[in-house]
1. Could you sort 411-420, 349-358 so that the peptide with the highest average Cβ count within 10 Å comes first and the rest follow in order?
2. Taking 0.36 nm per residue of sequence separation and subtracting the Cα-Cα distance, how much length would be gained by fully extending the chain between Gln320 and Glu160, in nm to one decimal?
3. Which far-off residues, 5 or more places away or on another chain, put their amide H under 5 Å from the one on Gly452, with H placed in the peptide plane?
4. Decide, for segment 152-196, between rounded, prolate and oblate: order the square roots of the alpha carbon gyration tensor eigenvalues as a ≥ b ≥ c, take rounded if a/c falls under 1.5, and otherwise choose prolate if a/b is larger than b/c, else oblate.
5. Enumerate the calculated ³J(HN,Hα) couplings along segment 384-396 in order (Karplus 6.51 cos²θ - 1.76 cosθ + 1.60, θ = phi - 60°), each rounded to whole Hz, writing x wherever the residue is Gly or Pro.
6. Report the net charge of residues surrounding Leu186, where surrounding means a beta-carbon distance below 12 angstrom and charges are Lys +1, Arg +1, Asp -1, Glu -1.
7. About its Cα centre, what dipole magnitude does segment 309-359 give when the only charges are +1 on Lys and Arg Cβ and -1 on Asp and Glu Cβ, stated in debye to the nearest 20?
8. Using 1/(1 + (r/R0)^6) with R0 = 30 angstrom and r between the beta carbons of Asp585 and Glu551, what's the FRET efficiency to the nearest 0.05?
Amino acid sequence: MDWLTKLSLRQLTWAAVVLAAVIVASLNMLTSQTLRAWRADLTESKLFTISNATRTVLSGLKEPVAVKFYFSRSLGDQAPQYGAHGERVRGLLQLYEDLAGGNLKVEFIDPQPLSDAEDRAVAAGLRGVPLGAGAGTGYLGIVGTNSTDNLQTITFLTIERQEFLEYDLTKLIHQLSDPARKKVGLITTLGIAGGVDPQRGRIPAWMVHRQMSEFFDVEPINPAGSSLPDDIDVLMLAAPGKLSAGLVYAIDQFALAGKPVVAFLDVFPETSPQKLAQLEEGEPIHDLLNAWGVKLTTDKVVGDVRNARRVQFNSGGQPQVAGYVVWLDMGRDSLDADNALFSSIEHLVMASPAAISKIDGAATTFQPLITTSSDAMLIESKEMRIPDPLRLIQNYKPGGEPIVLSARVSGDAKTAFKDGAPPPENKDGDAAKADDAKAQDPKQPAKHLASGAINVVLVGDADMLFDSFWAEAREMLGQRFIVPRANNVDFLLNALENVSGGAVLSDLRGRGVEQRPFTLVQDIRQRAEAQYRQREQALNTKLEETQKKLEEIQSRAQGGKVILSEEDKKSILGFRSEVIAIRKDLREVQKDLRRDIDKLGFWVKAINIAGIPMLIGLAGIGVAMGRRRKRGH
């Protein structure tokens, strides 16, 4: 080692630099191969941590699945946000390949303009982004195949869905690894499946139907029929409307045979203009619910001021924002969070739901799934015909007890038809007859089931399935994609999978949809509205009365035919002054509604802008003073 002592300081410095570079390069190569699956996720909701659902899907692959990731480097160069997004997709796919144990093969392709790779991308249905004159087209999509040449694609990985990236990728692999799908029979009077209207033309299917169709074979069942197909695995009701006794009997026997039912029933369907979907008292389906040991309110809906959704509306000619107490934003505290149905579900939106309750003495097991706060109350349905958020707030009286909006009903139940199948009804229309002929089941046993173990999920609302209540649809490159704002469809899919015996992706569906309300602001706002809205309404009423009196006096002099007396002139001046005073009072009420919230906002900003730097400065002063004392000693 004597040669080291003969080296100059400059030579030693260069040798240390070279050695450090070699060590860094070696560590990079070693860690890139051995620690590639390691990740550090510092997000609160662990959006970048591989879920157990993904690990289950990947470890359960029994046959090879091939995934080709088409990512144009030129797209990343021109749009850095897509470059970062593409690298994240690449890293996630590499991790998937490591976790799959050899049954997932990932290929990364940079499709150059006019190349064979670009031709294959176009043939698979991927959509490209024009990159400008002479730069060709940029791609960011995935093509997956399995051993039987089934094909699944993500035509373009939009940044807007980056929170749902793991879900989208795992869903694609799961669909390739398990192509067999269960069949859901759907009875509904809503336009969930879309259709054709003579006046409006083609009506698109609801987004919830498209999501269901990705995982299940959905077979529509005519609500006017009287029987069910034999080959359905799960029965779903979504505002089924007025069902015949024959069809209710078929549902009764289906449930008693141990087959699962998921029912979204609605006593005030806001998405059905003709109210065909409305569930009314005295219909045969109520006999079925009674046999299951449950009942729904038919003339009342549930309001909950604590979970009220904020809406904008006009009042007195002025735009206002207030809580609409029958549109509910339900967070984790309203859900049975330990239930598998709510895996990763954070937020549901419901509209004018019905209350569900257990009948005293019922033998079935009643398990609440979605429950309001103790401030909820029942509101007459007729109050909803002309929606008025302010009136509902003014008349609101908390009930003091939570109300159940959804429940799981299971266990032994008896038939609602003690005398057996009801006599056939006369049907009108060829459609009902054709549907009956299609649903007729020659293999169905004639034996009447008097009892059996049921497995039913009941929800007192069907409006929550409508697009605008839970998602926003966007388009890019001709591709329509969904950006969820609530977990409504996740809850539906979880329920269908759970009752039918499978829930592989339940842990993944809700990820990316978060509700993080400023609860202190919500409490302040609710107290302010309760305190000031009644005064505001009284002032508005007084303003209308005063303006009416003013208009009556002014109308006497219309066209100059009548000369106003001095008393009338004084009255006009007085009314005008009163109008100005009332408007001033209204403005003060509006300020009062915002005062506490604005005060809280000021202090939050002050702490963030000035408080933190001051603390850092004081800490620095403390450190400096400590060092000075040490030097003094």
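1. Details: 411-420: 15.4, 349-358: 23.8.
Peptide ranking by packing, descending: 349-358, 411-420.
2. 54.6 nm
3. Here the answer is Ala413, since their amide H atoms fall under 5 Å of that of Gly452.
4. oblate
5. 8, 5, 10, x, 9, x, 5, 4, 5, 5, 5, 8, 6
6. Value of the local net charge: -1.
7. Details: 4 positive and 5 negative charges, 46 e Å.
The calculation lands at about 220 debye.
8. It comes to 0.90.
The numbers here are math on the coordinates, done by the rules we state, and not lab data. Note that the coordinates shown come from a computational prediction; the quantities given were computed from them, not determined experimentally. Because the Cβ atoms are built from the backbone with ideal geometry, glycine has one as well, and the counts that use them run over all protein chains shown.
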